[in-house]
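The values are calculated or read from the model by the stated rules, or taken from the named source; none is laboratory data. None of the values given here were measured: they were computed from a predicted structure. Note that each Cβ is placed from the backbone with ideal geometry, even for glycine, and that neighbours are counted across all protein chains shown. In case anyone asks, the SASA skips ligands and DNA or RNA and just uses the protein heavy atoms, side chains included. Shrake-Rupley method; radii C 1.70, N 1.55, O 1.52, S 1.80 Å.
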Amino acid sequence: MPEQTPTAESTPQRQNLLGMSREQMEAFFLAIGEKKFRASQMMKWIHHEGCDDFAAMTNLSKPLREKLARLAEVRGPGVVYEGASNDGTRKWVLEVEDGSYVETVLIPADNGKRRTLCVSSQVGCSLDCSFCSTGKQGFQRNLTAAEIIGQVWVAQRSVGPRRDSGNRPVTNVVMMGMGEPLLNYDNVVPAMKLMLDDNGYGLSKRRVTLSTSGVVPMIDKLGDDIDVSLAISLHAANDELRTELVPLNRKYNIRCLIDACHRYLSKCADNRLITIEYTLIKDVNDQQQHAEELATLLDELPCKINLIPFNPFPHSGYEKPSRNQCMRFQQWLYDLKHTATIRTTRGDDIDAACGQLVGQVKDRTKRHARYIQSIQIDAD
Ligand code: SF4
């Protein structure tokens, strides 16, 4: 459900201002008898300064600050754990409203010039991709817009310095953590609008990427609503193998997914590329024939390919290919006129690498219990 525009009269509880879009914030101030321009001031305090204390908002009058303290609050997720890897990657485990945990990871690159935050959109995930440890945790619920943007807010507050110094703590966001973002559309889009808003995090649309496993109707809707970069979790170039790895492929097969990518690009104003994510799994999808299939499939699509060596987790049943095999796969693609990068594994020592974000999910699908049971049966 989208977050409701609050009114002072209709809400006995204090309103959390953290996840409010510009429009919602303006409506809030009008509803409490204040001018619309207060919304911009409040957004800057929250998102530029990381401020959650109305008393510190010194460009607001004292009576307004007191009124806000009665009617509203700025409440981010609680930080349960914060870790820093030897390679500079940082990870936060965050407690959200119902006591579940989600994880968010900040990955530095280019000598610290780029700092990419990997953000979660759901507690767990309902899609159960066979190579993904998040999928094995089952699914609890969608995150609210406040809980999604709260991950950026926590990271920025923690890393500092403030945005106004011109040195942004977070330069890029990828919606690539726990969950399928397009199955939480009504909360993900407002949160991404805050990432793009100048009074929010002021990131360019090229620096905010939504990664989907292929919810085709919502890709079309996304293209109508917000112009961010799109990544596709592809992992296989034939339907039989992709259905094994990404069960959603049964519903939206590869052809209709690639067609949706073309439609998405046709709606982008600039020369955008789709990012194709391809997790390389030993002896499953890392052979020459797979590279050839992939190259043929992507021949007509403006895209860049990101090869991700599989990150093993207990009882996954899959193995990571050797570094040499990953490089061979890259070369096969190159020979077929496709460039591909191999993603370096980051944050291994703090379990922050791709596919290692697990959080703590009160699994309402019971998938996690079935998974544990199947492991025990296998071991007997
Ligand atoms: S890969 Fe993404 S969509 Fe698939 S189970 Fe994991 S989190 Fe969900």
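Using amide H atoms built in the peptide plane, which far-off residues or other-chain residues are under 5 Å from residue 211 H to H?
Residues meeting the criterion, in which the H sits 1.01 Å from N, are 175, 231.
Probe of 1.4 angstrom, ligands and nucleic acids ignored: what's the accessible area per residue over the chain, in square angstrom?
Accessible area per residue: 44 Å².
So what is the relative contact order of the stretch 98-209, in percent, for Cα pairs below 8 Å that sit 6 or more residues apart?
Relative contact order comes out at 29 percent.
Taking amide H atoms as placed 1.01 Å from N in the peptide plane, list the residues 5 or more away in sequence, or in a different chain, whose amide H sits under 5 Å from that of residue 114.
Those qualifying (amide H under 5 Å, at least 5 residues apart or on another chain) are 109.
Please list, ordered by chain and number, the residues whose modelled amide H lies under 5 Å from the amide H of residue 141; skip anything fewer than 5 residues away on the same chain.
123
If the chain between residue 79 and residue 37 were fully stretched, how many nm would it gain, using 0.36 nm times the residue separation less the Cα-Cα distance?
12.0 nm
Does the chain come out rounded, prolate or oblate by the C-alpha gyration tensor, with a ≥ b ≥ c the root eigenvalues, rounded set by a/c under 1.5 and, if not, prolate when a/b is larger than b/c and oblate if not?
Prolate.
Residue 251 versus residue 269, label points 7 Å from Cα toward the beta carbon: distance in nm?
Here the answer is 3.3 nm between the modelled labels.
Give the cross-link partners of residue 136 among the lysines, using a straight C-alpha distance below 16 Å as the criterion and excluding same-chain residues fewer than 8 apart.
362, 366
If you average 1/r over every pair of different alpha-carbon atoms in the stretch 101-234 and take one over that average, what Kirkwood value in Å do you get?
Evaluated over the stretch 101-234, this radius sits at 15.0 Å.
As a quick test, which of the pairs 267/337; 35/67; 91/113 have an alpha carbon distance above 23 angstrom in this structure?
267/337
Mind listing the phi-derived Karplus ³J(HN,Hα) values for the stretch 58-70, rounded to whole Hz, using 6.51, -1.76 and 1.60 with θ = phi - 60°, and x for any glycine or proline?
Once rounded to whole Hz, the list reads 6, 8, 9, 5, 4, x, 5, 4, 5, 5, 4, 4, 7.
Share of the stretch 199-315's accessible area from carbon and sulfur, percent, 1.4 Å?
46 percent
Using only alpha carbons, build the gyration tensor for the stretch 38-82 and give me the equivalent ellipsoid semi-axes, biggest first, whole Å.
Semi-axes from the Cα gyration tensor: 21, 12, 8 Å.
So if we plug the beta-carbon distance of residue 288 and residue 23 into 1/(1 + (r/R0)^6) with R0 = 56 Å, what FRET efficiency do we get, rounded to 0.05?
The computed FRET efficiency comes out at 0.60.
Please turn the phi angles of the stretch 127-135 into ³J(HN,Hα) values with the Karplus equation 6.51 cos²θ - 1.76 cosθ + 1.60 (θ = phi - 60°), one per residue in order, whole Hz, x for glycine and proline.
Along the stretch 127-135, the couplings run 8, 6, 4, 5, 9, 10, 6, 4, x Hz.
Which length gain, in nm to one decimal place, applies between residue 262 and residue 70 when the Cα-Cα distance is subtracted from 0.36 nm times their residue separation?
Contour length minus Cα-Cα distance gives 64.2 nm.
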